[in-house]
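Trainee: Could you have a look at this structure, given as C-alpha cells, before my questions?
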Amino acid sequence: MNLHHLAIFHAIAETGSISAAALRMHVSQPALSRELKAFEARLGVVLFERQPRGMRLTDPGKVLHGYSTRLFAVADSAQAAMRDFADARAGQLSIGASNTIGTYVLPRYIAQFRRAFPGIGISLFVGNTEQVAQGVADLRFTLGFVEGPIRVEGVAVDAFSRDELIPVVGADHPLALRKRMRQSDIDGEPLLMREPGSGTRELIATLVKQLGVETGSIVEFGNTEALKQAAIHGGGIAWLPTISVSSELQDGRLVKLPVRALALRRPLSIIRREGAWQAPAVDAFLKLLR
C-alpha cells in the first residue's frame, strides 16, 4: 500500500474535507483529489461519500481509518522516541492508565514530573485495562498502568503497588444498617459494575462466582466516578477502590458492607511493550513514581 496515498486519506478522514487536508499536506486541492481517486481505484473501493459540506467515510473508509490511525500513532511514537534519544530532556511521554490509577494516582505524579522536566510533553489516556494493554502492545502508549488481569500478548507486567476494592452502598440502602452480614445476604441485589473489558469488573465477577453469590441485575458504568454516584444514590452495591471513597465513607454518604470475603486486594501494575527501547523520560517518570 502506498504510504503517501494513505497519509492523504488519513488527512482527509481527520479533517473532514479536501480543502483542510490540502492545507495540512501543503498541496493543492485538485492534486489531492486526483491522488485520492487514484488510491480508491487501486484499492477497488470508495473511501468517502462526497457531500456538499465535506467528506464522509464509507464503511471501507472507516475500517481503513482504524488502521491508518494506529499506523501513524506508531510513527508519532517513533519520532518522539528519536527526540528523547537526542535529548533526554525533550520529547513526549504517552501514558495509558485504567480508571483508578489514571484518576486518583497518576495526576499528582504527572504534575511533579512536569515541574522537574518542563521540556517533556505528557499525554494521559484513561480507559479500561483492555484498552490500555492493547495500546501498549500497539506502541500507542509508551507506558501503561492497569489494575486488572492482562489478556494481551507482547507486554511485560511489573507490579508497583496494591489496592483494595471494597463493597459499598449508599447511606439509604437497606443493607447500610446491617452491622453483621453473610455473603449470601447480597443474593439478588442489583450490582453496579464497570463496562466489559474492565479489569475491575473481571475481578469482581470472578469473586462473586467463587463465593456462589446469586447476582441480581447489573447496571454498567464507564468510569469510577459515575459508579460512585450511582451507589451514593441507592442504585445498588458497588465495589470501589478505597482510594476513591475515603471522603464519602468518612462523611457517611457511602457505607462499607461488613463482609470480609467480599473485599478484593489487587496489584497495580506497570506494563510495557516487550523488547521496546525505554526512553530516558520513561526511566525518569518511573523513578519518580517509585
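The values are calculated or read from the model by the stated rules, or taken from the named source; none is laboratory data. Just so it is clear, the model here is predicted, and its values are computed rather than measured. Reconstructed Cβ throughout: ideal geometry from the backbone, glycine too, with neighbour counts over all protein chains shown. Accessible surface is based on the protein model in full, side chains and every heavy atom, while ligands, DNA and RNA are left aside. Shrake-Rupley method; radii C 1.70, N 1.55, O 1.52, S 1.80 Å.
Trainee: Between segment 255-290 and segment 222-244, what is the C-alpha centre distance in whole Å?
Mentor: 21 Å
Trainee: List the lysines whose Cα sits under 25 Å from the Cα of residue 62, skipping any in the same chain fewer than 8 residues away.
Mentor: Within the straight-line limit of under 25 Å, residue 62 reaches these lysines: 37.
Trainee: Still on this structure, please answer the following. How long is the gain from residue 112 to residue 226 if the chain were fully straight, where each residue apart is worth 0.36 nm and the alpha carbon distance is subtracted?
Mentor: Details: separation 114, 0.36 × 114 = 41.04 nm, distance 2.75 nm.
Working it through step by step, the gained length comes to 38.3 nm.
Trainee: Still on this structure: For the chain, set up a Gaussian network in which alpha carbons nearer than 10 Å are linked by springs, and say which option among 15, 103, 129 fluctuates the most.
Mentor: 15
Trainee: If you don't mind, there's one more thing I want to ask. For segment 211-290, divide the Cα radius of gyration by the Kirkwood radius and give the resulting Rg/Rh value with two decimals.
Mentor: 1.11
Trainee: Also, quick follow-up: Two decimals is fine: what is log10 I(q)/I(0) at q = 0.10, 0.15, 0.22 Å⁻¹ for segment 1-130, from a Debye sum with one equal scatterer on every Cα and no solvent?
Mentor: Summing over Cα pairs of segment 1-130 leads to -0.48, -0.85, -1.17.
Trainee: Please work out the Cα center distance from segment 1-63 to segment 96-136, rounded to the nearest Å.
Mentor: 33 Å
Trainee: At a Cα cut-off below 24 Å, give the lysines reachable from residue 256, other chains included and same-chain residues fewer than 8 away excluded.
Mentor: 179, 209, 228
Trainee: Using the Cα atoms of the chain to build a convex hull, what is its mean projected area in square nanometres?
Mentor: Averaged projected area of the chain's Cα convex hull equals 19.3 nm².
Trainee: So what are the three principal axis dimensions of segment 118-212 from its Cα atoms, in whole Å, longest to shortest?
Mentor: Answer, in whole Å and largest first: 53, 32, 22 Å.
Trainee: Computing the accessible area with a 1.4 Å probe over protein heavy atoms, can you report the carbon and sulfur percentage for the chain?
Mentor: Numbers: 7830 of 14960 Å².
Using a 1.4 Å probe with all protein chains present, the chain comes out at 52 percent carbon and sulfur.
Trainee: Follow-up. Hey, what number do you get for the chain at 222 nm if only DSSP H runs of n ≥ 4 count, each worth -39500 (n - 2.57), divided across all residues, to the nearest 500? All intermediate terms of the calculation are to be shown ahead of the outcome.
Mentor: Working: 10 runs with 126 residues, N = 290.
About -13500 deg cm²/dmol.
Trainee: Students sometimes get this wrong: rank 4, 173 by accessible area, probe 1.4 Å, all chains present, largest first.
Mentor: Accessible-area ranking of 4, 173, largest first: 4, 173.
Trainee: Next question. Taking the solvent-accessible surface of protein heavy atoms with a 1.4 Å probe, what is the per residue accessible area of the chain in Å²?
Mentor: 52 Å²
Trainee: Tell me the angle of helix 242-251 to the major Cα principal axis of the chain, expressed in degrees between 0 and 90 and rounded to the nearest ten.
Mentor: Taking the Cα atoms of the chain, the angle to 242-251 is about 50 degrees.
Trainee: Quick one: of the DSSP bridges fully inside the chain, what percent are antiparallel, nearest 5?
Mentor: Details: 24 of 41 bridges.
Antiparallel bridges make up about 60 percent of those DSSP assigns within the chain.
Trainee: Right, next: Place the peptides 131-144, 210-223 in order of packing, highest mean first, counting for every residue the other Cβ atoms within 10 Å and averaging per peptide.
Mentor: 131-144, 210-223
Trainee: Treating only the Cβ atoms of Lys and Arg (+1) and Asp and Glu (-1) as charged, compute the dipole magnitude of segment 122-227 about its Cα centre; round to the nearest 20 debye.
Mentor: Magnitude of the dipole: close to 300 debye.
Trainee: While we're looking at this one, here's another question. May I ask for the net charge around residue 198, where only other residues with Cβ less than 15 Å from the Cβ of residue 198 are counted and Lys, Arg are +1 while Asp, Glu are -1?
Mentor: Values: positive: 151, 194, 201, 228, 266; negative: 130, 147, 163, 195, 202, 220, 225.
That sum, taken over residues with Cβ under 15 Å, equals -2.
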